[in-house]
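Got a structure here, written out as structure tokens. Questions coming.
The values are calculated or read from the model by the stated rules, or taken from the named source; none is laboratory data. Source: prediction; values computed, not measured. Glycine also receives a Cβ, built like all others from the backbone with ideal geometry; neighbour counts cover every protein chain displayed.
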Ligand SMILES: [Ca+2]
Ligand SMILES: [Ca+2]
């Protein structure tokens, strides 16, 4: 389990006559910040922890020991009745098709608003920005795209299909008898040139080109697509 990010606790002078509880506050500082200091507070009071989301993010609730706290959105009123850990949650703002605004902004796609920018194919590789986000490709580089790079006869009974991949993504090779056909069916393939160990399982991305081998003697029609595995 990843260690929670947390703020450092400043040095405090505590009175021996007062009973304290410890308030720890976590925060993913890439997405937002909090205005309250973690530390020791007298028991029996309330501490207000405020947060603010960074540009392209919004606050999305609170996590931790929030039982008995008052959640007003960007503020959490925490009673100092026991030691607690609280943490504001942030989520990325999304364009209408689900592309994070921060991803669009990181690629300079802000000029006409995010709803328009995620539909653009700036590098003219056939993939709009929203599809490049899903594929993990670069919307400003036409050489970076999800596409079949080559189809070639590998042997008399094998066809080699190569496509570029991104590490962390999975792919599926599908086929249809017509480009206008709605249902594209999975293709059996082998990762080995001799065609052994055929499967239609999803193909993990490597970050480079992947080649699979199809049976050229089957009755599979001639149209193929590579797509992200759902
Ligand atoms: Ca593109
Ligand atoms: Ca591209």
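Which of the residues belonging to the stretch 126-149 are free of Cβ contacts under 8 Å to residues at least 24 places away in the same chain and either more than 9 Å from ligand 2 (Cβ to nearest atom) or under 21 Å from residue 203 (Cβ atoms) (or both)?
126, 127, 128, 131, 132, 143, 144, 145
Kindly provide the set of residues from the stretch 15-47 that are assigned to a loop (DSSP other than H, G, I, E, B) and within 38 Å of the chain's Cα centre (by Cα), ordered by number.
Within the stretch 15-47, 26, 27, 28, 29, 30, 31, 35, 36, 37, 38 meet the criteria.
Another question about this same structure. Please find, within the stretch 116-147, the residue that is modelled with the lowest pLDDT out of those that are in contact with a strand residue (DSSP E or B) (Cβ under 7 Å, 6 or more places away or on another chain) and surrounded by fewer than 21 Cβ atoms within 10 Å (Cβ to Cβ).
147
Would you say residue 111 is surrounded by fewer than 14 Cβ atoms within 10 Å (Cβ to Cβ), without any contact (Cβ under 8 Å) to a residue 40 or more places away in the chain and touching a helix residue (DSSP H, G or I) at 6+ places or on another chain (Cβ under 8 Å)?
Yes.
I'm trying to understand the selection: among the residues of the stretch 50-75, which are over 28 Å from the mean Cα position of the chain (by Cα) and either part of a strand (DSSP E or B) or within 30 Å of residue 109 (Cα to Cα) (or both)?
Passing the criteria: only 70.
Within the stretch 204-223, identify whether any single residue is in contact with a strand residue (DSSP E or B) (Cβ under 6 Å, 6 or more places away or on another chain), surrounded by 11 or more Cβ atoms within 10 Å (Cβ to Cβ) and without any contact (Cβ under 8 Å) to a residue 40 or more places away in the chain, and answer yes or no.
Yes, the stretch 204-223 contains a residue that is in contact with a strand residue (DSSP E or B) (Cβ under 6 Å, 6 or more places away or on another chain), surrounded by 11 or more Cβ atoms within 10 Å (Cβ to Cβ) and without any contact (Cβ under 8 Å) to a residue 40 or more places away in the chain.
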